[in-house]
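Engineer: Okay, handing you the structure first.
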Amino acid sequence: MEYVSSLDGITVIKGNVCDQEDVASAVRDQEIVIHLAALPFIPDSYYYPEDFFRVNAMGSVNIVRQCIQSDSVERFVHVSSSEVYGTALYTPMDEKHPTLPHSTYAASKLAADRAVFAMHKEHSYPTAILRPFNSYGPRVTQPYIIPEIALQLLDGRNSLELGNVNAIRDFTYVEDTARAIVLAGIEKQAAGETINVGSGLGVRINDMAILMARILGKEVTIRIDESRFRPYDVEKLICDFSKARRILNWSPTISLEEGLRMTLDWLMGRPVSFKTSFRGWPRVYRRLRS
């Protein structure tokens, strides 16, 4: 494990979630552990399923195990994903919705959820599982749909090339998601619970792209690129956050338009680094592994 930097009371270290010594050292003397480490980009999970299960599932098992064995960690917060549900059988989707993952990524996250919950029961250890619905915002590090649309818009295009524009997602601004995660770490009633976090509003990708263009003062047409379709896509995700409201006293505060404005402002302030980071990104992980 390598200590990278320390700033404003935050120490950044570099390690491997699958390494027992790295994790044991990282959680030592901590009171609350929030686990967000994962391989997150769904298309890469089609090519490297073993890596996704090793990091997302076994890495999670290692982290919660080290927390249980520590003398200091009083609460473990496991950040999961709405993708574990698969496409909605009913909406809004509460925590009792069947889990029918549509990708290897989602299956690996669900495996982690079940392992964390089982270890919570086996050891009477206080854990909370959060399932965010499509978080977005500044400092994005993955080429999800919002930065993909933004990249094309900021390239000056009047025609966007997108895949499944009829898919419906529930977008939650990152500040709201982060607030829910923190609350799960301090609210006693959250122990042993699985909690959905989302806006409760379903937005069609086509409509969101038009909204983003309007925010930038542009009119665009949308062209369907069938090569962008996922082989087993999730068609609809809409969150029921009533449990989060009841247990965490949480509800979203930032509207989609306001959140998109803040996200686009941040991205426009970093045009070179943003375009360099995301252009051609779906092939980066494969290239690193080859």
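Engineer: Out of all the residues in segment 223-232, is one or more assigned to a loop (DSSP other than H, G, I, E, B) and closer than 23 Å to PRO92 by Cα?
Structural biologist: Yes, segment 223-232 has at least one match.
Engineer: Which of the residues that make up segment 141-158 are part of a loop (DSSP other than H, G, I, E, B) and either of a type in the set (Gly, Ala, Ser) or on the phi > 0 side of the Ramachandran plot (or both)?
Structural biologist: Passing the criteria: only GLY156.
This table checks each residue for (1) over 19 Å from GLY15 (Cα atoms); (2) touching a Lys or Arg at 6+ places or on another chain (Cβ under 9 Å); (3) not hydroxyl-bearing (Ser, Thr, Tyr).
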residue	(1), (2), (3)
ARG54	no, no, yes
ASN62	no, no, yes
VAL79	no, yes, yes
SER82	yes, yes, no
TYR85	yes, yes, no
PRO92	yes, no, yes
GLU95	yes, yes, yes
ALA112	yes, no, yes
PHE117	yes, no, yes
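Engineer: Please enumerate the residues belonging to segment 45-79 that are within 15 Å of TYR105 (Cβ to Cβ) and either acidic (Asp, Glu) or surrounded by 24 or more Cβ atoms within 10 Å (Cβ to Cβ) (or both).
Structural biologist: Answer for segment 45-79, where residues must be within 15 Å of TYR105 (Cβ to Cβ) and either acidic (Asp, Glu) or surrounded by 24 or more Cβ atoms within 10 Å (Cβ to Cβ) (or both): GLU50, ASP51, PHE52, ASN56, SER60.
Engineer: Continuing with this model, one more query. Which one is modelled with the lowest pLDDT among residues in segment 239-267 that are assigned to a helix (DSSP H, G or I) and more than 21 Å from ASP207 (Cα to Cα)?
Structural biologist: Of everything passing the filter in segment 239-267, TRP266 is modelled with the lowest pLDDT.
Engineer: Here is a further query. Out of ARG114, ARG139, ARG131, report the one residue that is in contact (Cβ under 8 Å) with a residue 24 or more places away in the chain, surrounded by fewer than 16 Cβ atoms within 10 Å (Cβ to Cβ), of a type in the set (Lys, Arg) and closer than 29 Å to GLU235 by Cα.
Structural biologist: After applying the criteria, what remains is ARG139.
Engineer: For segment 1-116, which helices (runs of 4 or more DSSP H) that fit wholly inside it have 1 or more residues that are farther than 28 Å from GLY202 by Cβ?
Structural biologist: The helices (runs of 4 or more DSSP H) meeting that bar are 20-27, 49-52, 59-69.
Engineer: Quickly run through segment 1-34 and pick out the residues that are modelled with pLDDT under 85 and in contact with a Ser or Thr (Cβ under 9 Å, 6 or more places away or on another chain).
Structural biologist: Within segment 1-34, MET1, TYR3, VAL4, SER5 meet the criteria.
The values are calculated or read from the model by the stated rules, or taken from the named source; none is laboratory data. Quantities reported herein were computed from a predicted structural model and do not represent experimental measurements. Please note: Cβ atoms are built from the backbone with ideal geometry, for glycine as well, and neighbour counts cover all protein chains shown.
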